[in-house]
Amino acid sequence: MNTKLANPLAQVLGPGLLLAALIARPAPAATQTQTISNLFYGWNAVWLEVEPRDTNGSLLTADQVFGAVNFSTNNGAIDIVVVQSLPVGTQEFQTDTNLYNQAGWIVWSTTNSVNSRAITVRGNQAYLLHISPPDSQTNGSPAGPLTVTGDVQFYRPHWTRGSYNLTGFSVIGSPTFASLLQAGAATPGPWTNSIAWLNPTSGNWESKNSTDTIQPGRAYWVQVPVNLVSVDYAGPVAVDFTGWQQGGLYFGATPPTLTVTNPVNNYSSLGLCPAELTFSSLEKTNTRNIIINKLSPADQDIQLFHVVRVPDQLAWMTDPNVGVLTTWTVTSLAAQQSTTVTLGMNRNWSANGNYREQLYRIDVPLNPGTNYHYLPVSAINPDVAPTNAPVNDPASFAGLWVGTVTANAVTSLTDTNRSVQPSLSRPQLRVLMHVDTNGAPVLLSHVMLMQTKTADPSVSPEQVLILDEAQIPYHEGIQERGGKQVGIRYETVAFDMPRDDSTNGQSATFLQLVANSTASYTNISQVTPADVSHYLAGQATRPPSLQEVYHDRWELTGAFGPGNTIGTATNAPLRLDAFHRTNPFRHAYHPQHGAGYDITRVLRFYLDPDYQTGSGRLTGTYEETTTGLSTVPLVSRGSIVLQRVSYVDHLQ
């Protein structure tokens with residue numbers, strides 16, 4: 001493998017702009033500084049673990065992060081940044097003439113600012129950086145280190161089988177590729193042409209061997225076999241815990257539910273919030289140690305304990321051999337074995353704001369070096385006032401909010417009292433909300449983020465949020481895919497919209513059928529959505545005149561903001577009628593199951609009063625009452641984390 005990095009700028013620049021900000025993750029943030037040592041003049045393939053943000057929590061762009069970086073006293077500067085926008089297939093990577101193509105890569109350049117894209121700098125992302133050498137230097141000469149500060153999160157890679165993956169590895173020291181990757185068969189023998197690195201002297205991609213060392217902060221092409229077992233392989237030990245998709249252990253304002261004794265403190269009683277971490281060894285023969293390190297050991301506002309069973313009792317206690325976790329060897333995990341540990345979190349602060357976060361790191365020693373995972377831990381203390389008072393201006397919350405609902409309790413059908421019980425599984429549901437300048441929220445099932453068209457590059461396009469798909473041809477996309485500018489589509493399957501039962505959505509023929517079924521109605525204007533659902537519930541087959549027209553938004557009651565409650569109106573729940581497109585009891589092709597049951601969903605979102613000004617992040621609790629799925633109403637409860645991803649205050 002000897003692929004030439006030849007003039008990528010000329011091959012990928014083209015018209016259009018990339019979204020430059022605010023595709024934010026709903027995750028607890030923990031700041032860390034990453035130093036990538038020994039960069040060289042010429043091309044460098046780097047792996048950025050941190051995610052730089054400004055004081056308002058907005059993502060930064062390549063010109064903001066890299067544009068002002070100078071190297072040593074030679075004044076060398078980063079003048080080109082290239083990022084992959086699409087996975088690169090095997091055949092594309094192996095060609096010697098055209099590694100980069102316009103569809104697969106995005107470029108920011110100081111020398112061609114008109115056609116450059118505004119690249120949003122993300123964490124856990126590979127970037128190709130070109131450092132222009134001063135007159136006294138040549139390509140391949142040492143340029144110096146690159147230091148970037150930003151948020152980090154718990155990260156699992158996603159490998160594309162049968163393709164080359166441009167990625168980096170979270171390592172300390174100098175482990176070999178074999179010590180990190182062989183457990184997951186990510187690079188099976190023979191190793192030839194499986195891994196490549198970018199040689200800055202020649203600008204070529206050159207093969208690596210299994211005995212070569214992995215350089216921290218470097219990006220590599222890794223050829224992934226089609227038969228890779230684990231597509232999220234991140235090292236010889238896999239880590240799992242509830243909510244890992246949110247990037248860390250987020251306890252929110254959940255009250256303590258686990259009472260333990262503390263042998264380290266005279267067996268005093270302690271109320272903790274529990275969480276479980278599961279570790280699984282993917283090794284074939286080796287035993288691996290697992291170590292949890294607290295990166296700020298002096299910070300005791302959040303205290304984590306290892307919690308164990310009291311011998312011969314149905315009770316819990318903190319591990320008498322560990323105390324508050326700072327550096328803790330969890331276990332020595334044998335090959336092909338798993339273990340689960342229980343952690344308990346104690347809120348140990350009473351002033352200076354109600355939100356705290358700490359950064360831990362899970363280390364797995366290799367031979368040599370170490371593989372690691374960042375583990376941010378955050379919590380809210382409801383007994384402490386927030387540092388920033390709630391914002392009273394409704395317009396300050398306008399925009400598109402993407403949320404994650406984690407259901408953790410549901411009505412028990414086996415309990416005679418039909419009480420709400422904690423659930424064994426904790427499914428996560430995506431929810432979409434839009435808020436206008438008056439603070440009025442609406443629920444969405446889908447929305448497209450695009451931008452206005454402009455005839456002159458000097459006129460900046462404006463972002464738009466599109467619900468009506470007929471409006472798409474009149475706007476343009478904000479990111480490039482397959483050689484075209486496309487929009488970003490947000491969608492959820494968990495909250496579908498009700499059928500439009502109005503005269504705008506249904507034909508007069510159908511509404512007359514409903515009116516005729518109710519003897520007291522004299523015209524179709526008297527027909528209500530409840531009448532339509534009642535009529536449909538009595539039909540064995542779908543009426544031919546019933547129109548498949550659905551609402552594109554659903555108004556919620558209440559004002560969106562910290563400390564407020566929003567939800568569906570009592571007389572306007574989310575309704576799935578008997579012939580609704582997503583009614584779970586309906587079978588479109590089975591003659592005996594052509595109609596389902598009428599299902600209604602009453603939603604409540606109780607937003608926490610705390611809010612970090614400028615964070616664009618709100619938390620709270622979720623409650624839903626569903627009728628029609630069983631003989632009794634089902635109540636589901638859980639937590640919700642909302643993150644603003646766009647400031648556009650109106651829908652089209």
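The values are calculated or read from the model by the stated rules, or taken from the named source; none is laboratory data. Source: prediction; values computed, not measured. Methodologically, a virtual Cβ is constructed for each residue, glycine included, from the backbone with ideal geometry; neighbour enumeration extends over all protein chains shown.
Summary of computed values
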| quantity | calculated |
| --- | --- |
| Residues satisfying the stated conditions in segment 292-307, i.e. of a type in the set (A, V, I, L, M) and out of contact with any Phe, Trp or Tyr (no Cβ under 7 Å at 6 or more places or on another chain) | Ala298, Ile302, Leu304 |
| From the options Thr160, Thr242, Thr147, Thr176, residue that is surrounded by fewer than 18 Cβ atoms within 10 Å (Cβ to Cβ), closer than 30 Å to Thr331 by Cα and of a type outside the set (Asp, Glu) | Thr242 |
| Qualifying residues in segment 339-366 (those that are touching a Ser or Thr at 6+ places or on another chain (Cβ under 6 Å) and not in a strand (DSSP E or B)) - the one nearest to Val239 (Cα to Cα) | Leu366 |
| Pair list, Cβ < 8 Å and 6+ apart or interchain, from segment 385-414 residues that are closer than 16 Å to Leu651 by Cβ to residues that are small (Gly, Ala, Ser) and modelled with pLDDT of 80 or more | Ala395/Gly439; Phe397/Gly439; Phe397/Gly561; Ala398/Gly439; Gly399/Ser646; Leu400/Ser646 |
| Number of positions in segment 429-441 that are of a type in the set (Val, Ile, Thr) and within 22 Å of the chain's Cα centre (by Cα) | 2 |
| Test: residue in segment 579-590 that is part of a strand (DSSP E or B), under 28 Å from Gln421 (Cβ atoms) and not assigned by TED's automatic domain parsing to the domain that holds Asp54 | no |
| Failed criterion for Ile291 (all others in (1) within 25 Å of Thr619 (Cα to Cα); (2) crowded, with 16+ Cβ neighbours inside 10 Å hold) | (1) |
| Test: residue in segment 326-335 that is over 28 Å from the mean Cα position of the chain (by Cα), part of a loop (DSSP other than H, G, I, E, B) and farther than 30 Å from Gly439 by Cα | yes |
| Condition met for Arg601 (buried (at least 20 other Cβ atoms within 10 Å of the Cβ), among the charged types (D, E, K, R) and not assigned by TED's automatic domain parsing to the domain that holds Thr254) | yes |
| Test: residue in segment 354-362 that is more than 28 Å from Asn124 (Cβ to Cβ) and of a type outside the set (Ser, Thr, Tyr) | yes |
| Segment 320-345 residues that are in contact (Cβ under 8 Å) with a residue 12 or more places away in the chain and outside the structural domain of Asp299 (by TED's automatic domain parsing), paired with ones that are surrounded by 16 or more Cβ atoms within 10 Å (Cβ to Cβ) and charged (D, E, K, R) (beta carbon under 8 Å, 6 or more apart) | none |
| Thr437 buried (at least 16 other Cβ atoms within 10 Å of the Cβ) and of a type outside the set (A, V, I, L, M, F, W, C) | no |
| Complete set of residues in segment 265-314 that are out of contact with any Ser or Thr (no Cβ under 6 Å at 6 or more places or on another chain), assigned to a loop (DSSP other than H, G, I, E, B) and either modelled with pLDDT of 95 or more or more than 28 Å from Gln182 (Cα to Cα) (or both) | Asn266, Leu295, Ser296, Ala298, Asp299, Gln300, Asp301, Val310, Pro311, Asp312, Gln313, Leu314 |
| Set Tyr606, Tyr535: member being modelled with pLDDT of 85 or more, more than 25 Å from Ile466 (Cα to Cα) and part of a strand (DSSP E or B) | Tyr606 |
| Check on Gly271, surrounded by 20 or more Cβ atoms within 10 Å (Cβ to Cβ), in contact with a Leu (Cβ under 8 Å, 6 or more places away or on another chain), of a type in the set (Gly, Ala, Ser) and in contact (Cβ under 8 Å) with a residue 60 or more places away in the chain | no |
| Filter pass, Asp312 being of a type in the set (Asp, Glu), more than 28 Å from Asn165 (Cβ to Cβ), outside the structural domain of Gly168 (by TED's automatic domain parsing) and surrounded by 15 or more Cβ atoms within 10 Å (Cβ to Cβ) | no |
| Criterion (surrounded by 14 or more Cβ atoms within 10 Å (Cβ to Cβ) and either in a loop (DSSP other than H, G, I, E, B) or not assigned by TED's automatic domain parsing to the domain that holds Glu624 (or both)) met by exactly one of Pro544, Pro562 | Pro562 |
| Residue check for Ala45: within 30 Å of Pro134 (Cβ to Cβ), buried (at least 22 other Cβ atoms within 10 Å of the Cβ), under 25 Å from the mean Cα position of the chain (by Cα) and modelled with pLDDT of 90 or more | yes |
